[in-house]
Amino acid sequence: MKHTAACSDFLQDQWAERCRLPRLDADLPQDAEWCEILEDGRWRRLRFHDYGDIYDRPGLYEHLFYGLLGCDSPRRVVDLLRMVRHDGGMPRAFSALDLGAGNGLVGEELREAGAESIVGIDILPEAKRAAQRDRPGLYRNYLVADLTRPADDVIEELSRARPEVLTCVAALGFGDIPPLAYFNAVRFVPVGGLLAFNIKEEFLDERYTHGFSELVRRMVRDKVVRLEAQVRYRHRQSVHGEALYYTAVVATKLAEIPRAMLVRP
Ligand SMILES: C[S@@+](CC[C@H](N)C(=O)[O-])C[C@H]1O[C@@H](n2cnc3c(N)ncnc32)[C@H](O)[C@@H]1O
């Protein structure tokens, strides 16, 4: 698999005997899933959402999500982006902002798709450390910031970057990136730029009237964005072995998002 190029097979294989998926209650929600890792002779529980602890251990993120659980989202979202850019006759080279960048798997796909300048942003310092450790030089800049309250230097850097593409993969809809942070990120993308993201398929369902789901519906309905392509695909399997389906979306930004469109999560 591609991710092994930067994060070596060796680092991932180290976890083969030291990371296990316990038998979990079938009702356990996706955002409460956990695994166990063997450290200093003892099995220790790690929640999947304890990203900082996972990033701190080289190879564990890749082994757990990509090896054991078969996650395919960075590739699927960036492939859709690549297709839209190709069909739109856009030049191969582009600049990107990767929101919720984690340890750089999306950045790696973006680079392969032609991104020449990628700025990463994540709320966790552990994510930046892991990206720099495992994929040095991939991001032109990697900001640790909370985009619900961006500091002046963050605003300055993102204004300078003027990314033609905003990616946000596996980071929306589970209490991760709030609508306000996404809204603020979109402001740095010029009109005509592309937004590429994925979300659990049922979160786009009309029944979900909260948070990011509602923001996306409003953006499409009021023609703030134009949907270019979307695809339902298998994001990964759950710890119970069930397929978790997500929708990857690529849309063109047509106008600034009116602040009134923001809804409470
Ligand atoms: C499942 S990981 C996905 C990482 C990467 N996009 C990938 O696909 O491998 C979700 C990431 O979103 C980040 N995140 C969560 N809330 C955030 C926020 N408010 N602002 C920025 N990043 C956030 C987490 O720290 C984590 O690195």
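The values are calculated or read from the model by the stated rules, or taken from the named source; none is laboratory data. Here the structure is a predicted model, which is why all the values come from computation and not from measurement. Every residue, glycine among them, receives a Cβ derived from its backbone with ideal geometry; neighbour counts consider all protein chains shown. Just so you know, the surface numbers come from the protein's heavy atoms only, side chains and all, with ligands and any DNA or RNA stripped out. Shrake-Rupley method; radii C 1.70, N 1.55, O 1.52, S 1.80 Å.
Suppose R0 equals 22 Å. What FRET efficiency, 1/(1 + (r/R0)^6) with r the Cβ-Cβ distance, do VAL220 and ARG259 give to the nearest 0.05?
That pair, VAL220 with ARG259, gives E of 0.80.
Ignoring ligands, DNA and RNA, what percent of the 1.4 Å accessible area of the chain is carbon and sulfur?
Whole-percent figure for carbon plus sulfur exposure: 49.
At q = 0.22, 0.24 Å⁻¹, what is the base-10 log of I(q)/I(0) for the stretch 163-248 according to the Debye formula with one equal point scatterer per Cα and no solvent? Please give it to two decimals.
Debye curve over Cα of the stretch 163-248, log10 I(q)/I(0) at q = 0.22, 0.24 Å⁻¹: -1.20, -1.40.
For ALA229 and ASP31, compute 0.36 nm times the residue count separating them, minus their Cα-Cα distance, and round to one decimal in nm.
68.6 nm
Within the stretch 136-152, name every residue whose backbone N is under 17 Å away from a label modeled 7 Å from Cα of GLU112 along the Cβ vector.
The answer is 136, 138-139.
What distance in nm separates the simple spin-label points at GLU202 and GLU156, each placed 7 Å from Cα in the Cβ direction?
4.6 nm
Out of every Cα pair in the stretch 148-193, what percent are spaced more than 18 Å from each other?
In whole percent, the long-distance tail amounts to 31.
Enumerate the whole-percent occupancy of each 5 Å bin, from 0 to the last occupied one, for all C-alpha pair distances of the stretch 85-206.
2, 11, 23, 24, 21, 13, 5, 1, 0
How far is helix 211-221 tilted, in degrees, relative to the longest principal axis of the Cα atoms in the chain, given as a value from 0 to 90 rounded to the nearest 10?
The two axes meet at around 30 degrees.
What is the gain in length, in nm to one decimal, between LEU244 and HIS86 on full extension, counting 0.36 nm per residue of separation less the C-alpha to C-alpha distance?
Extending this stretch completely gives an extra 54.0 nm.
To the nearest 20 debye, what is the magnitude of the charge dipole of the chain about its Cα centre, counting +1 on the Cβ of each Lys and Arg and -1 on the Cβ of each Asp and Glu?
Roughly 620 debye, rounded to the nearest 20.
What is the spread of the Cα atoms of the stretch 102-144 along each of their three principal axes, largest first, in whole Å?
Computed over the Cα atoms, the extents are 27, 16, 14 Å.
If you wrap a convex hull around the C-alpha atoms of the chain and split its volume per residue, what is the figure in Å³?
In the chain, the Cα hull volume divided by residue count equals 124 Å³.
May I ask you to give the solvent-accessible area per residue for the chain, in square angstrom, as obtained with a 1.4 angstrom probe?
46 Å²
At what distance in nm do the modelled label points of ALA93 and ASP176 sit from each other, each positioned 7 Å from its Cα along Cα→Cβ?
3.1 nm
Where does helix 73-87 land angle-wise versus the long Cα axis of the chain, in degrees 0 to 90, nearest 10?
For helix 73-87, the angle is close to 30 degrees.
Which whole-number percent gives the relative contact order of the chain, counting Cα pairs below 8 Å spaced six or more residues apart?
Relative contact order, the chain: 18 percent.
If packing is taken as the average count of other Cβ atoms within 10 Å, what order do 45-58, 72-85 fall into, highest mean first?
Packing proxy ranking, top to bottom: 72-85, 45-58.
Using packing as a proxy for protection, rank 86-94, 140-148 so that the peptide with the highest average count of other Cβ atoms within 10 Å comes first.
Ranking the peptides 86-94, 140-148 by packing returns 140-148, 86-94.
Compute the acute angle (0 to 90°) between the alpha-carbon long axis of helix 152-161 and the principal axis of greatest extent of the alpha-carbon atoms of the chain; round to the nearest 10°.
Around 70 degrees separate the two axes.
Mind listing which trypsin sites (Lys or Arg not before Pro) in the stretch 199-241 are in a DSSP loop and have 14 or fewer other Cβ atoms within 10 Å?
Hits after loop and neighbour filter: ARG207, LYS223.
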